[in-house]
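Just below is one structure, and these are the notes that go with it.
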Amino acid sequence: MSLIQHLINGELVDDSGRSADVYNPSTGQVIHQVPLASRETIQRAIDSAKAAFPAWRNTPAAKRAQVMFRFKQLLEQNEARISQLISEEHGKTLEDAAGELKRGIENVEYACSAPEILKGEYSRNVGPNIDAWSDFQPLGVVAGITPFNFPAMVPLWMYPLAIVCGNCFILKPSERDPSSTLLIAQLLQEAGLPKGVLSVVHGDKGAVDALIQAPEVKALSFVGSTPIAEYIYSEATKRGKRVQALGGAKNHAVLMPDADLDNAVSALMGAAYGSCGERCMAISVAVCVGDQVADALIAKLVPQVKALKIGAGTSCGLDMGPLVTGQARDKVSGYIEDGVAAGAELVVDGRGLSVAGHEEGFFLGGSLFDRVTPEMRIYKEEIFGPVLCVVRVDSLEAAMQLINDHEYGNGTCIFTRDGEAARLFCDEIEVGMVGVNVPLPVPVAYHSFGGWKRSLFGDLHAYGPDGVRFYTRRKAITQRWPQRASHEASQFAFPSL
Ligand code: NAD
């Protein structure tokens, strides 16, 4: 069993302090130890970032982008190796792991356009002999804290853009599956990134608190559960930091009576059970408009949920792997018990699944609940597992009210052939990312990603144009070069044209 290392100032660094277990969830065995950084280790990373910043911010944006072009190539060349590491520690299938990496690479491609996105704005002759421009300047040392469920993609939402904007970045990845995140950071180093511009420090609450409390850290990007997002937002903004903290979700899919049901069922299967439901954009509630739609949906879903191909993520041709830890599996089982006790109809029960040859793995089959109602815990809370809840309503308005009343507002979608219904839904729904016949409307890298309500604390969404604004400060410069021969008298009135 190996001890994973930190990456600080371009070097892999051992840590002999506290550590935590990293599991292979398919076998249930501990495969690595991950160090939990002390305050001193975090300070080393901060010091190296601070030292690297003056040269990096003055490196031309086009040169910074060239590092990202090489990084993209290395990521593509190492796709199989990275996917294997993701699958071994997270449990998701290899195809799913490759998919998250591809979506992460999109963000590297966006970062390659740094010279274009950082051009700023220029106005000549705003007054006599006066020109004005606004610049996007980097913040300095910034940090990111990421969740277990996308160990490749979510860090790539953050640091490629922060770095091409001229910042130095400290990443604190999830301690549950850190190996792929570390390998990807090493590839950026190999692509020619100067030492200290990116550090990866592993850890838990202690490491996060050290980043929050460090005055040198000017901004924090967080992605994870809502209680931690809220904690980080309030603690870090109190200290004057810029924060974007993306939290949990409960994503509803509305099925209208005119929807193409077969296509909607295929879409729902992937969106509810893909990655074992451990996605912040997973569909966990299907809202059926009318009993007829609900009955037809249940009839089509049941055989497909029962037939899900489940096994070790690293095997080929599977639909689903295990949950990330035994604790996560038990938590999801607890929700299923709770739903039954609350009176929901458990149509497919995924508990008690045993995968031959992997009896100690953290597996659960797909579960399906019908007749779920809004006061039940399985409706209100994020389950983060392979459980789909069907709620029955009698109109589109009732479906929208239900969604708008929910505390989360990350993603949602509507399945319909009716343009008017779809348009109303897009206009009025209080959710940050909306799909029309698209179950997982995760924006591409040149749009930004973010939820509403308690799914996001902060003003700016992640990556894309919002990401550029988040990782830069505007500076407005007004410049005058008077003509040599002229002399102008003092003006005591406020300057105007
Ligand atoms: P988590 O909140 O447990 O952990 C996220 C990060 O916070 C990790 O790096 C962890 O080490 C750190 N952390 C944990 N406890 C902490 C504490 N007490 N103080 C400070 N830091 C702490 O989340 P997770 O279980 O890794 O990920 C799943 C959650 O993330 C789900 O709620 C999911 O919806 C959410 N998520 C949201 C998005 C989004 O874009 N909105 C994307 C992915 C995941």
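The values are calculated or read from the model by the stated rules, or taken from the named source; none is laboratory data. Predicted model, so just to flag it, every value in this text is computed and none were measured. Glycine also receives a Cβ, built like all others from the backbone with ideal geometry; neighbour counts cover every protein chain displayed. Surface areas here come from the heavy atoms of the whole protein model, side chains and all, with no ligands, DNA or RNA. Shrake-Rupley method; radii C 1.70, N 1.55, O 1.52, S 1.80 Å.
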Exercise. Please work out the Cα center distance from region 428-497 to region 59-134, rounded to the nearest Å.
Key: 19 Å
Quiz item: Points 7 angstrom from Cα along the Cβ direction at residue 356 and residue 230: gap in nanometres?
Solution: 4.7 nm
Quiz item: Longest span of the chain, sites excluded, free of chymotrypsin sites (Phe, Trp or Tyr not before Pro) in DSSP loop with at most 16 other C-beta atoms within 10 Å?
Solution: 1-445
Quiz item: How much area per residue is accessible in region 7-71 when the probe is 1.4 Å and only protein heavy atoms are counted (Å²)?
Solution: 49 Å²
Exercise. At 7 Å along the Cα-to-beta-carbon direction for both residue 497 and residue 132, put a label point, then send me their distance in nm to one decimal.
Key: 1.0 nm
Quiz item: What is the chain's relative contact order, in percent, from Cα pairs under 8 angstrom and six or more apart in sequence?
Solution: 18 percent
Quiz prompt | Calculated FRET efficiency for the pair residue 331/residue 79, C-beta based, R₀ 35 Å, to 0.05 | solution = 0.65
Exercise. Count the DSSP beta bridges whose two residues both fall in the chain, then state the antiparallel fraction as a percent rounded to the nearest 5.
Key: 40 percent
Quiz item: When ranked by the protection proxy of mean other Cβ atoms within 10 Å per residue, highest first, what sequence do the peptides 294-303, 174-183 form?
Solution: 174-183, 294-303
Quiz prompt | Among 415, 401, 493 the positive-end extreme of the charge dipole of region 366-497 (Cβ point charges) | solution = 493
Quiz prompt | Residue among 321, 352, 247 farthest towards the positive dipole end of the chain, charges placed on Cβ | solution = 247
Quiz prompt | Length released on extending from residue 306 to residue 55, taking residue separation times 0.36 nm less the Cα-Cα span | solution = 84.6 nm
Exercise. Can you work out the accessible area per residue across region 124-267, with the rest of the protein chains kept in place, probe 1.4 Å, in square angstrom?
Key: 27 Å²
Quiz prompt | With every protein chain in place, the chain: carbon and sulfur % of accessible area (1.4 Å) | solution = 51 percent
Self-check item: Lys pairs under 29 Å by Cα in region 1-138, provided they are eight or more residues apart or on distinct chains
Solution: 11
Practice problem: Please find the FRET efficiency linking residue 116 to residue 398, where r is the Cβ-Cβ separation and R0 is fixed at 45 Å, and quote it to the nearest 0.05. | Solution: 0.45
Self-check item: Distance between modelled label sites at residue 442 and residue 481, nm, 7 Å Cα→Cβ extension
Solution: 5.0 nm
Quiz item: Where does the chain land at 222 nm, in deg cm²/dmol rounded to the nearest 500, when only DSSP H runs of n ≥ 4 count, each adding -39500 (n - 2.57), divided by all residues?
Solution: -12000 deg cm²/dmol
